[in-house]
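A.B. asks: Mind having a look at this structure? Questions to follow.
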Amino acid sequence: MSRASPRMRHFAKRLTVYERRANTPSEINTPPAFQVCEKLRTHLGTFMGAAGFRELLSCALPRAQAEIPWLGAVHVKADGALEGLEELKAKHKPNELREGGVVLVAQLLGLLVAFIGEKLTLRFIREVWPTVPLADLDFGK
């Protein structure tokens, strides 16, 4: 399994920081990176269907687990949503959850770029998070 590239980690971290800042107090219960996955699931589900997103996330999760083994407690449900977050929150510190979440989002974004390309990925990201700065991103060729 390949490690998430530094560029994808930076991109994933940017989205999770943005998501953390945008949360209302009632939403703080779920780690921001997992909220990023949920928002992507909701939005990309219209493009690739629930099954397509589930498969994409199901490919990203083992790649992230190779770097962060405790992510093995997380599973992808039939609708593409993640389950097992309560168990993680009980066992891991917030900074560990942030790092694990960033790795998962980075792997998900990396696969998305690989399958649909950088431009379409950024278009979808822009649709979900219209004010996140993206102009300086460079995924490398």
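A.B. asks: Kindly list the number of the only condition in (1) open to solvent by 50 Å² or more (accessible area, probe 1.4 Å); (2) under 18 Å from Val128 (Cβ atoms); (3) of a type outside the set (Lys, Arg) that fails for Leu57.
C.D. replies: (1)
A.B. asks: Which numbered condition trips up Asn29, out of (1) loosely packed, with under 15 Cβ neighbours inside 10 Å; (2) at pLDDT 90 or above?
C.D. replies: (2)
A.B. asks: Separate question: For residues in the range 93-110 being part of a helix (DSSP H, G or I) and open to solvent by 20 Å² or more (accessible area, probe 1.4 Å), which is farthest from Val74 (Cα to Cα)? Let's see the steps before the verdict.
C.D. replies: Let us first name the residues in the range 93-110 that are part of a helix (DSSP H, G or I), namely 94-110.
When the remaining residues are screened for being open to solvent by 20 Å² or more (accessible area, probe 1.4 Å), the result is 94-96, 98-99, 110.
Values: Pro94: 16, Asn95: 17, Glu96: 14, Arg98: 14, Glu99: 15, Gly110: 19 Å.
So the residue we want is Gly110.
A.B. asks: Of the residues Arg7, Arg3, Arg63, Arg14, which single one is out of contact with any Leu (no Cβ under 7 Å at 6 or more places or on another chain), part of a loop (DSSP other than H, G, I, E, B) and closer than 15 Å to Gly110 by Cα?
C.D. replies: Working: Arg7 fails: part of a loop (DSSP other than H, G, I, E, B); Arg63 fails: part of a loop (DSSP other than H, G, I, E, B); Arg14 fails: part of a loop (DSSP other than H, G, I, E, B).
Going through Arg7, Arg3, Arg63, Arg14 in turn, the sole match is Arg3.
A.B. asks: Between a residue in the range 65-81 that is farther than 22 Å from Ala50 by Cα and any residue that is open to solvent by 70 Å² or more (accessible area, probe 1.4 Å) and assigned to a loop (DSSP other than H, G, I, E, B), which pairs come within a Cβ distance under 7 Å, given they are 6 or more apart or on different chains?
C.D. replies: Ala66/Met1; Glu67/Arg3
The values are calculated or read from the model by the stated rules, or taken from the named source; none is laboratory data. Note that this is a predicted model, so its numbers are computed, not measured. As a convention, Cβ positions derive from the backbone with ideal geometry for all residues, glycine included, and neighbour counts pool all protein chains shown. For accessibility, only protein heavy atoms count, side chains too; no ligands or nucleic acids. Shrake-Rupley method; radii C 1.70, N 1.55, O 1.52, S 1.80 Å.
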